1. Quick one: is residue 313 surrounded by 14 or more Cβ atoms within 10 Å (Cβ to Cβ) and modelled with pLDDT of 70 or more?
2. Determine, yes or no, whether residue 377 is among the charged types (D, E, K, R), farther than 30 Å from residue 49 by Cα, out of contact with any Phe, Trp or Tyr (no Cβ under 7 Å at 6 or more places or on another chain) and modelled with pLDDT of 75 or more.
3. What's the total number of residues in the range 325-351 that are in contact with a helix residue (DSSP H, G or I) (Cβ under 7 Å, 6 or more places away or on another chain), surrounded by fewer than 17 Cβ atoms within 10 Å (Cβ to Cβ) and modelled with pLDDT of 85 or more?
4. Can you confirm whether the range 228-245 contains a residue that is at pLDDT 75 or above and surrounded by fewer than 16 Cβ atoms within 10 Å (Cβ to Cβ)?
5. Conditions first: (1) at pLDDT below 85; (2) surrounded by 13 or more Cβ atoms within 10 Å (Cβ to Cβ); (3) part of a loop (DSSP other than H, G, I, E, B). Residue 320 passes all but one, so which condition is the exception?
6. Taking the condition over 17 Å from residue 63 (Cβ atoms) and surrounded by 18 or more Cβ atoms within 10 Å (Cβ to Cβ), does residue 170 pass?
Amino acid sequence: MNRTAETTEQGNVRRLDLLDVLLIFARHKWLIIAWALAGVVIAIIAILRSTTLYKSQATIMPPEQQQSSAALLSQLGALTAFAGVGSNLGLKNPADLYIAILQTNLVADDMVNHFHLMDVYKIPDLDAAAGTLRKRSKFAANKDGLIQVSVEDPDPKFAATLVNGYADELFQQNNRLAIGAATQRRQFFQQQLAEEKDRLADAEIGLKQTQQSTGVLQLSGQAQNIIGQEASLHATITSREVELGALLASSTEQNPDVVHLREELKGLREQLQLLQKGTNGAMLSQREFPEAGLVYIRKERDLQYHQTLYDLLLRQLEAARIDEAKASPTVQMVDPPQIPRGRSWPKPFIFILAGLVIGTMFGCIRVVVIYVYDYVESDPRLRDRFAQVKQAMHLRG
């Protein structure tokens, strides 16, 4: 199998096949072996000069996502029949959220200050020490929702200590964020409840004045049914809007809870429109009541609406108070860190193999260079042209 063709000065063609190439390398085998050994020696020196690191790792179970407000609202009885839209929306792996918390600058700076890593790493800058810690720390989420935390350090005991430090930081940050969100939610609902209490009082006064002016004191059962359902729907919509506002105060539109509430509100508004148009079939439209009855209906509906909304907000406020009062979910250590016995870096086998391969490659390149140089020197025409090239390069330099 021909590989290349070479023409000598006399015009004879000289061909190189695979055996010729193997013969060339075989003649310089000791040179290739010497380069390979040199690569191995350099790899051994690199191993000896590299910082020996030991890896300690642990498995953490993140806190469960709790939604006590939604749990309490689910006990409202018939009102929850209108809240089924979008209930199949699922949350992403919660471990990703806690990994993002562990990777924040706040956690890194706290770790550096708590364990005096600037002195340990002999780095005077806080950001540089935090960067070194990040390079030696790894976080991964398993399919089962657990978090793998691993840290490398020259001291095996200190590596395990740093892993425990990350677990403590996760607990502290989760506790701070959980309490902050619950407090913000409680204050929000407390303000909404106070405003709704005033509106409820105004509705009661308005209904009393309507009874005195129209003389209507009681509605038929069918009209009462219409008012009750419309008021309940309207109050549920307003309650969900308030809950959505509380969520948007501390999250974005991409939050799964925000998406869930928007889908739920869409379905509730469609049901309210059907009820107001009188298209339900089982109920009469408000247009079929006398004028005096209509005035009373509107006031009765407003009163029931504000009463129902007040009850909903009161339950949400109680749920927020419970979330604020109770301790945040606990970060549990499933597999605590162990003091590593074997080093994780450098890996001698990989270093020596890489040195052997790279040294062999350089040896082969050296053999090719020698062959090309000898071939040029053996051909007067090529030797003269090569000399001209060297002279031209020298003159330009």
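1. Here the answer is yes, as residue 313 does meet what is asked.
2. Yes.
3. 2
4. yes
5. (3) is the only condition that residue 320 fails.
6. no
The values are calculated or read from the model by the stated rules, or taken from the named source; none is laboratory data. This structure is a prediction, so every number in the text was calculated from the model and none was measured. Don't worry about glycine lacking a Cβ; one is built from the backbone with ideal geometry, like all the others, and counts go over all protein chains shown.
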